[in-house]
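Colleague: First the structure, which I've put down as structure tokens, then a few questions once you've had a look.
The values are calculated or read from the model by the stated rules, or taken from the named source; none is laboratory data. Note that the coordinates shown come from a computational prediction; the quantities given were computed from them, not determined experimentally. Don't worry about glycine lacking a Cβ; one is built from the backbone with ideal geometry, like all the others, and counts go over all protein chains shown.
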Amino acid sequence: MVGNSAVQIAAELARTARVTLATRGPVKFAAQRILGRDLHFWTACTGLDAAPLGRLLSHPPAQPVLDDGRYRAALAAGRPDRRPLFTGADGTKLLWSDGRREEADAIVLATGYRPHLPCLSGLDGALDPGGTPPRHREGLATGVPGLALVGLEWQRSLSSNSLRGVGRDAERIARRLAAHLARR
């Protein structure tokens, strides 16, 4: 899945340069505006933005690129070109899955909110295989008392990994960590 930032950056750069958007899968779009209002208005208005649904999801659903039509049109016009993710890099050459090598002047990585946390591997019980975030319940690690995370996709709600929701989650985590420390 590819996110808003990657598509927006690629489309902006494609106005003045030849750009390839390399993604793990096809780009999926959702309407930015519904009934004349921004989608974020509706998620906030209905309460979906803050609903604590994250704990009910074993695997967070992929979120589409929010679009008013500009980005879908740019991709359809080949500006930027979209290809499956390259398989490697050798100096300034990208290696594509079909065996081609292509010179790249610049590579912009817009990797999104997919954390890779091998730095936590020294904490017993903290790290799932492959550097994924530790098992947690709404941000509190279940295997390491006192370890908490914020900003994870669907950590607690739809907006947990955005500026709209991370503050709300951080306040909740801070209260719970303070209670944990008070019990020590």
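Colleague: For the range 133-169, which positions are closer than 21 Å to Ala182 by Cα, among the small types (Gly, Ala, Ser) and part of a loop (DSSP other than H, G, I, E, B)?
Modeller: Correct list: Gly139, Gly143, Gly146.
Colleague: Could you check Asp67 against (1) at pLDDT below 90; (2) over 26 Å from Val150 (Cα atoms) and say which number it fails?
Modeller: Of the numbered conditions (1) at pLDDT below 90; (2) over 26 Å from Val150 (Cα atoms), the odd one out for Asp67 is (1).
Colleague: Residue under question is Leu57, and the condition is that it be within 30 Å of Arg168 (Cα to Cα), in contact with a Phe, Trp or Tyr (Cβ under 6 Å, 6 or more places away or on another chain) and loosely packed, with under 11 Cβ neighbours inside 10 Å; does it hold?
Modeller: On the way: within 30 Å of Arg168 (Cα to Cα): yes; in contact with a Phe, Trp or Tyr (Cβ under 6 Å, 6 or more places away or on another chain): yes; loosely packed, with under 11 Cβ neighbours inside 10 Å: yes.
Judged against the criteria, Leu57 is a match.
Colleague: Another question, if that's okay. Can you tell me which residue among Ala126, Ala148 is over 18 Å from the mean Cα position of the chain (by Cα) and modelled with pLDDT of 75 or more? Working first, answer last.
Modeller: Working: Ala126 fails: modelled with pLDDT of 75 or more.
It is Ala148.
Colleague: A further question on this structure: What do you reckon, is Arg33 surrounded by 13 or more Cβ atoms within 10 Å (Cβ to Cβ), touching a strand residue (DSSP E or B) at 6+ places or on another chain (Cβ under 6 Å) and not aromatic (Phe, Trp, Tyr)?
Modeller: So Arg33 does not fit the description; no.
Colleague: Let me ask you something else. What tally of residues in the range 171-181 results from selecting those that are surrounded by 15 or more Cβ atoms within 10 Å (Cβ to Cβ) and among the aliphatic types (A, V, I, L, M)?
Modeller: Here the count works out to 2.
Colleague: Criterion first (within 23 Å of Pro61 (Cα to Cα) and modelled with pLDDT of 85 or more) does Ala141 satisfy it?
Modeller: no
Colleague: Of these, Leu21, Leu39, which one is in contact with a strand residue (DSSP E or B) (Cβ under 8 Å, 6 or more places away or on another chain) and more than 18 Å from Glu153 (Cβ to Cβ)?
Modeller: Working: Leu39 fails: more than 18 Å from Glu153 (Cβ to Cβ).
Criteria check complete, one pass: Leu21.
Colleague: For the range 1-70, list the strands (runs of 3 or more DSSP E) that sit wholly inside it and hold at least 2 residues that are touching a residue at least 40 places away in the same chain (Cβ under 8 Å) and in contact with a Lys or Arg (Cβ under 8 Å, 6 or more places away or on another chain); which are they?
Modeller: Of the strands (runs of 3 or more DSSP E) lying wholly inside the range 1-70, those with at least 2 residues that are touching a residue at least 40 places away in the same chain (Cβ under 8 Å) and in contact with a Lys or Arg (Cβ under 8 Å, 6 or more places away or on another chain) span 20-23.
Let's see how each residue does on (1) under 29 Å from Val166 (Cβ atoms); (2) surrounded by 14 or more Cβ atoms within 10 Å (Cβ to Cβ):
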residue: Ala50; (1), (2): yes, yes
residue: Pro61; (1), (2): yes, no
residue: Asp68; (1), (2): yes, no
residue: Tyr71; (1), (2): yes, yes
residue: Ala76; (1), (2): no, no
residue: Pro84; (1), (2): no, no
residue: Ala106; (1), (2): no, no
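Colleague: Could you please give the count of residues in the range 13-30 that are within 27 Å of Asp105 (Cα to Cα) and surrounded by 14 or more Cβ atoms within 10 Å (Cβ to Cβ)?
Modeller: 8
Colleague: Please state which one of Gly91, Gly131 is exposed (fewer than 12 other Cβ atoms within 10 Å of the Cβ), more than 23 Å from Arg15 (Cβ to Cβ) and at pLDDT below 75.
Modeller: Gly91
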